[in-house]
Amino acid sequence: MDLGEFEADNSVSCRLASAIPDVCKTEDCCLGIDEAGRGPVLGPMVYGICFCPIGKKEDLKDLKVADSKTLTEAQREHLFRKLDEAKSFVGWALQILSPNTISTSMLQRSKYNLNALSHDAAIGLVQFALDSGVQLKEVFVDTVGPAEKYQEKLSQRFPGVEVTVRPKADSLFPIVSAASICAKVARDHSVKDWNFPEDLGEVDADYGSGYPNDPKTKAWLLKYLDPVFGYPQFVRFSWSTTQTLLDSKAVTVHWDDDEEDGEKAAARQNNTSMLSYFKAGSKTSAQQSNTHQTHRFFTERRLQSLATL
């Protein structure tokens, strides 16, 4: 699976898709939706769809697809190749949600939780299939949240399409199993080959499953916690696991009360006010000293302190 487009900038989300089979543009089709990587604190969450003509459901069964969680990595890779080779009647698409997208969405001022993010990713993929000319008549979805409410939401969004939302749909409907395999293979590849834009040197790739309760994942999070700038973008900083570690291990940040003058607050705590950096002709002790080592955050971005403009 080629994830080159996402790997070029893994700080943002990305959509990848196969070619649309001609038969899917002329015959009534079914489509399955599933995700991979909802729970981990590391790496992206990937939503996948797979679709084929309703008359080809038995052919899909012959490929022996199954819920990706019941398969080994080698089995998933093998089945994805078989799905990709069946391009005469099978198509797929992926929405890769980067850790940065997940975190910034969940922590933005207006509430946008993981369920809403998941719903929007699924809706966007169904709309993509329709816009691409796929003749959708049936959609099968592994539920996120209450199945009845989710099914009603999708049915209202896509009138004329029969929507079925079920828990464990990836083990009930082969078309959802196929979507599950596509999503899981994409996530596995992205995590395994993650490109760290931060200058971390030789990164330890032994970070386990990525789930918060995995000892290897916990050890990796402790190892790569920067006390000032937190974590690389590989980490979902909106997860309670990372927030707890930041609260206990990172440098404490004091936010001055809006009603208290910033310089007075700094003087009270025997600190230098940020405002002092913008005063003409003023130099802080840090600026006057040439012995301190500049943090890599500034050197990587070629940022320097200026005394005058």
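A few points about this structure:
- A count restricted to the range 120-147 and to residues that are open to solvent by 40 Å² or more (accessible area, probe 1.4 Å) and acidic (Asp, Glu) stands at 2.
- Among the residues here, residue 117 does not qualify as over 26 Å from residue 54 (Cβ atoms), aliphatic (A, V, I, L, M) and loosely packed, with under 14 Cβ neighbours inside 10 Å.
- On the stretch given as the range 148-170, residues that are part of a helix (DSSP H, G or I) and either in contact (Cβ under 8 Å) with a residue 60 or more places away in the chain or open to solvent by 20 Å² or more (accessible area, probe 1.4 Å) (or both) total 10.
- Residues considered: 161, 191. Of these, the only one that is more than 19 Å from the chain's Cα centre (by Cα) and at pLDDT 90 or above is 161.
- One residue stands out in the range 52-109 among those that are of a type in the set (A, V, I, L, M) and surrounded by fewer than 21 Cβ atoms within 10 Å (Cβ to Cβ): the one that is nearest to residue 137 (Cα to Cα), namely 54.
- Single residue of 64, 111, 87 found to be assigned to a loop (DSSP other than H, G, I, E, B) and free of Cβ contacts under 8 Å to residues at least 12 places away in the same chain: 111
- Count of the range 206-244 residues which are in a loop (DSSP other than H, G, I, E, B) and open to solvent by 20 Å² or more (accessible area, probe 1.4 Å): 16
- Among all residues of the range 177-195, there is none that is without any contact (Cβ under 8 Å) to a residue 60 or more places away in the chain, at positive phi and of a type outside the set (Phe, Trp, Tyr).
- Summed over the range 75-94, the residues that are of a type in the set (Phe, Trp, Tyr) and under 24 Å from the mean Cα position of the chain (by Cα) give a count of 2.
- Test result for residue 130, over 18 Å from residue 182 (Cβ atoms), assigned to a helix (DSSP H, G or I) and either touching a residue at least 40 places away in the same chain (Cβ under 8 Å) or not charged (D, E, K, R) (or both): yes
- Residues of the range 15-51 classified as assigned to a strand (DSSP E or B) and open to solvent by 10 Å² or more (accessible area, probe 1.4 Å), total: 4
The values are calculated or read from the model by the stated rules, or taken from the named source; none is laboratory data. Not measured: the values here are computed from a predicted model. With ideal geometry, Cβ positions are generated from the backbone for all residues, glycine too; neighbour counts draw on all protein chains shown. Accessible surface areas use protein heavy atoms only, side chains included; no ligands, DNA or RNA. Shrake-Rupley method; radii C 1.70, N 1.55, O 1.52, S 1.80 Å.
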